[in-house]
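Undergrad: Mind looking over this structure? Questions follow.
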């Protein structure tokens, strides 16, 4: 018998296992996939290793930055020189910096709404947004219904819908407004979520962020068992029995780091609490496809563009310059998010590639149609993830079932970025959750 079994070798699981071992506890990590990293994943684009999952880090994501420093992984500034492009409601504009190039009246309304959202989010104490004074009111609304009730200009509405897709990988009519505010609270501000310089997209990791997970796994050695999808967890008075196709393990406690919808695929004996089971049925993953395209040169830079395009005319997007200030090559990275991802996930890779190149060419010209390499990851169809970036609750879920995100069920403890007290949905949040649950479990075994 080991002290703890950890289900999942993403950043949450690896962090928890590392902390438990440091505290002198014996641990086994069972990972369903044939690799570590969870919602981070490496890929090769034009001979260079890139991240085809999570990739960026912001200045307040201090737990991820500390882990990177520990393993000697460096960061580079996200390329953001030149003009960004915004094309919303038939108005196309080039602009610099973080302030979107909307018409003056629309910019004023959008700025006011951003300030209002930050103010409302300030009433939330993470990680328990359902305890906020206005939680019931906010959780009774979708983001779309709140947008319609609090804005008048269609450009502002489209901007907020686009932000929802880009940040949550879902449509505004699918997500609880309380969760939207909780996400803002966990990041500190809406600008921190959507910003490049100084925001969540501030820097890239040299050689990929995934390598940090790989280094943690190497440190844990044989304690990490790949290709081990847990199918059953049985609790008794002495411990837990954990079953996977390739073996059975006994432990005093177990930590499950999978998001609720994926954790629900495990058979539990005795059954989970009604509240936890209800949560699992009501918190699906967002829908996302990530794409990276390499070119012989960064021709958009020569045209004075930064590479960032935000548009309501395209299915693909937003997209960014994949290079950094230190990179001479040409590459763009972007997403099908929410509705577009749902529409394109079941299409062929060739059809998706053609659509991506057409959308890029709409803004950067025909040179976009001649890439030297193309890589994609359809996260929505990934067997062990079924989407990203985060699990998304609809109205009524957090106030009705939210406490089950963190509350243990007997000897079963929960972690993962969805349970974080800061930077929910991000790698940093996953690390924080792993640290928190390791401390909780260490006190019990």
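Undergrad: Residues that are part of a loop (DSSP other than H, G, I, E, B), surrounded by fewer than 21 Cβ atoms within 10 Å (Cβ to Cβ) and modelled with pLDDT under 95: does the range 50-72 have at least one?
TA: Keep residues of the range 50-72 that are part of a loop (DSSP other than H, G, I, E, B), which gives 52-55, 58-61, 71-72.
With the extra rule that they be surrounded by fewer than 21 Cβ atoms within 10 Å (Cβ to Cβ), the set shrinks to 59-60, 71-72.
When the remaining residues are screened for being modelled with pLDDT under 95, the result is none.
No - not one qualifying residue is present in the range 50-72.
Undergrad: Looking for something modelled with pLDDT under 95 and surrounded by fewer than 21 Cβ atoms within 10 Å (Cβ to Cβ) - is there at least one such residue anywhere in the range 309-316?
TA: Going through the range 309-316, the residues modelled with pLDDT under 95 turn out to be none.
Checked the range 309-316: no residue is modelled with pLDDT under 95 and surrounded by fewer than 21 Cβ atoms within 10 Å (Cβ to Cβ).
Undergrad: State the number of residues belonging to the range 376-406 that are farther than 24 Å from residue 172 by Cβ and either buried (at least 21 other Cβ atoms within 10 Å of the Cβ) or more than 19 Å from the chain's Cα centre (by Cα) (or both).
TA: In the first step, residues of the range 376-406 are kept if they are farther than 24 Å from residue 172 by Cβ; the result is 376-377, 382-384, 403-404, 406.
Next cut, either buried (at least 21 other Cβ atoms within 10 Å of the Cβ) or more than 19 Å from the chain's Cα centre (by Cα) (or both) only: 403-404.
Qualifying residue count for the region: 2.
Undergrad: Go through 76, 123, 108 for me and flag whichever is in a loop (DSSP other than H, G, I, E, B), surrounded by fewer than 18 Cβ atoms within 10 Å (Cβ to Cβ) and on the phi < 0 side of the Ramachandran plot.
TA: Numbers: 76 fails: in a loop (DSSP other than H, G, I, E, B); 108 fails: in a loop (DSSP other than H, G, I, E, B).
Exactly one residue qualifies, and that residue is 123.
Undergrad: Which condition number does residue 159 fail, the rest of (1) surrounded by 23 or more Cβ atoms within 10 Å (Cβ to Cβ); (2) over 21 Å from residue 283 (Cα atoms); (3) within 19 Å of the chain's Cα centre (by Cα) being met?
TA: Here residue 159 meets the rest and fails (3).
Undergrad: Also, I was wondering about something else. Consider only pairs whose beta carbons are under 9 Å apart and that are at least six residues apart or on different chains; among these, list those whose first residue lies in the range 95-111 and is more than 17 Å from residue 163 (Cα to Cα) and whose second residue is exposed (fewer than 13 other Cβ atoms within 10 Å of the Cβ) and modelled with pLDDT of 95 or more.
TA: Partner pairs satisfying both residue conditions: 103/91.
Undergrad: For residue 211, only one of the following conditions fails: (1) surrounded by fewer than 23 Cβ atoms within 10 Å (Cβ to Cβ); (2) under 30 Å from residue 129 (Cβ atoms). What is its number?
TA: (2)
Undergrad: Being within 27 Å of residue 292 (Cβ to Cβ) and without any contact (Cβ under 8 Å) to a residue 40 or more places away in the chain narrows it down to one of 32, 69, so name that one.
TA: On the way: 32 fails: without any contact (Cβ under 8 Å) to a residue 40 or more places away in the chain.
None of the other options fit; the residue is 69.
The values are calculated or read from the model by the stated rules, or taken from the named source; none is laboratory data. A quick note: this is a predicted structure, and the numbers were derived from the prediction, not measured. Backbone-built Cβ (ideal geometry, glycine too); neighbour counts: all protein chains shown.
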